[in-house]
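Colleague: Here you go, one structure.
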Amino acid sequence: MKIAVDGPAGAGKSTISKILAGKLKINYLDTGAMYRAATYLTLVKKIALEDSSAIINAVKDCDIDFIDNEIFLNGNNVSEQIRSPEVNKAVAVISRIPEIRDIMVAKQKKIAEKSSVIMDGRDITTIVMPDADYKFYLDAPIDIRAERRFEELKAKGSLVDMEELKGDIAKRDFEDKNRETGPLVVAGDANVIDTSGLSIDEVTERMLNIIVKKVNRL
Ligand code: CDP
């Protein structure tokens, strides 16, 4: 079974995808974490964000692996580091480089071939798994998504400025939707769910209903 989930930042994709993976007993792949790991590598190596060829070379030579939903870069667990504000700000610059997308998409397609999986990201319904059994696009207005991200960060003990956070998310959304390669778009055959006013459980339930309905029809 292949499930593809796309949508902008803070729509609830990764939390819900993880829960669905558990309920359906399939693997979960957080493709955003892969672009974040590439970005973290670029920052640690102090490569200029304009130097696409150096970024491509560094990313080509690195190992990105997942073990129990934790992400490892060249053998080191970087699950925490990839969520830093510096990575948040730079990730859309790295993820618009076509060669970087080719590297990531190839890895993701290989994983999709091997196993039943739910993947979330920006181009999963369109490029990575255009043939997915189920496609979802989760969305919510920017104010709600920023509020959720704010609460997430607060729970982790980091207090950020709400207006700055909202500005950063809006900028990243714009960059993700307007890049030439693999932009975030609503696939024609995706189930679009506006998650505003819905709890995590309610969204999960809606998605499960769609999946069960289709399974029963087969
Ligand atoms: O968790 P959040 O929604 O903030 O973002 P994420 O899913 O971790 O993705 C971080 C960034 O990686 C996005 O803003 C995109 O720039 C990039 N990304 C992408 O280009 N393609 C994907 N399939 C997944 C993420």
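FYI, it's all coordinate maths here, none of it is from the lab. Just so it is clear, the model here is predicted, and its values are computed rather than measured. With ideal geometry, Cβ positions are generated from the backbone for all residues, glycine too; neighbour counts draw on all protein chains shown.
Colleague: With θ taken as phi - 60° and the coefficients 6.51, -1.76 and 1.60, list the Karplus ³J(HN,Hα) couplings across the stretch 5-16 in order, rounded to whole Hz; mark glycine and proline as x.
Modeller: 10, 10, x, x, 4, x, 7, x, 3, 6, 4, 6
Colleague: Moving on. Of the candidates Ala146, Ala48, Ala132, which one comes out as most mobile in a Gaussian network treatment of the chain with C-alpha springs shorter than 10 Å?
Modeller: Result for the chain, Cα springs under 10 Å: Ala48 fluctuates most.
Colleague: Now for a different question. How much length would be gained if the chain were fully extended between Asn69 and Glu113, taking 0.36 nm per residue of separation minus their Cα-Cα distance, in nm to one decimal?
Modeller: 14.0 nm
Colleague: Amide H of Leu29: which non-local residues (sequence gap of 5 or more, or other chain) have their own amide H closer than 5 Å, using H built in the peptide plane?
Modeller: When sequence neighbours closer than 5 places are left aside, the close amide H contacts are Ile118, Met119, Asp120.
Colleague: Whole-Hz ³J(HN,Hα) for each residue in the stretch 19-36, computed from phi via Karplus 6.51 cos²θ - 1.76 cosθ + 1.60 with θ = phi - 60°, x for glycine and proline: what do you get?
Modeller: Running phi through 6.51 cos²θ - 1.76 cosθ + 1.60 with θ = phi - 60° gives 5, 4, 4, x, 5, 8, 6, 10, 7, 10, 10, 8, 6, x, 4, 5, 5, 5 Hz.
Colleague: Something else about it: To the nearest 0.05, what FRET efficiency results for Asn209 and Asn178 with a Förster distance of 30 Å applied to their C-beta separation?
Modeller: So, using R0 = 30 Å, E works out to roughly 0.35.
Colleague: Still on this structure, I have one more. Counting only residues 5 or more places away or on other chains, whose amide H sits under 5 Å from the amide H of Ile71 once H atoms are built in the peptide plane?
Modeller: The list, which skips near neighbours in sequence, is Val78, Ser79.
Colleague: Please work out the Kirkwood hydrodynamic radius for the chain, using every pair of different C-alpha atoms, and report it in angstroms with one decimal place.
Modeller: Answer for the chain: a Kirkwood hydrodynamic radius of 17.7 Å.
Colleague: Here is a further query. Can you give the % of DSSP beta bridges in the chain that are antiparallel, to the nearest 5?
Modeller: Taking every DSSP beta bridge within the chain, about 25 percent pair in antiparallel fashion.
Colleague: Can you tell me the Rg and the Dmax, both Å, for the Cα atoms in the stretch 27-134?
Modeller: 13.4, 41
Colleague: Set Lys and Arg Cβ to +1 and Asp and Glu Cβ to -1, take the dipole of the chain about its Cα centre, and tell me which of Val128, Asn88, Ala170 lies farthest positive.
Modeller: The one lying farthest along the dipole's positive direction is Val128.
Colleague: Tell me, how many Å apart are the Cα centres for the stretch 84-125 and for the stretch 136-207?
Modeller: About 17 Å separates the Cα centre of the stretch 84-125 from the one of the stretch 136-207.
Colleague: Now for a different question. I'd like the trypsin sites (Lys or Arg not before Pro) in the stretch 117-178 restricted to DSSP loop residues with at most 14 other Cβ atoms within 10 Å, sorted by number.
Modeller: Lys156
Colleague: Now for a different question. Out of the stretch 41-122, which GluC sites (Glu not before Pro) are coil in DSSP terms and have no more than 14 other C-beta atoms within 10 Å?
Modeller: Loop-located and lightly packed - Glu50, Glu80.
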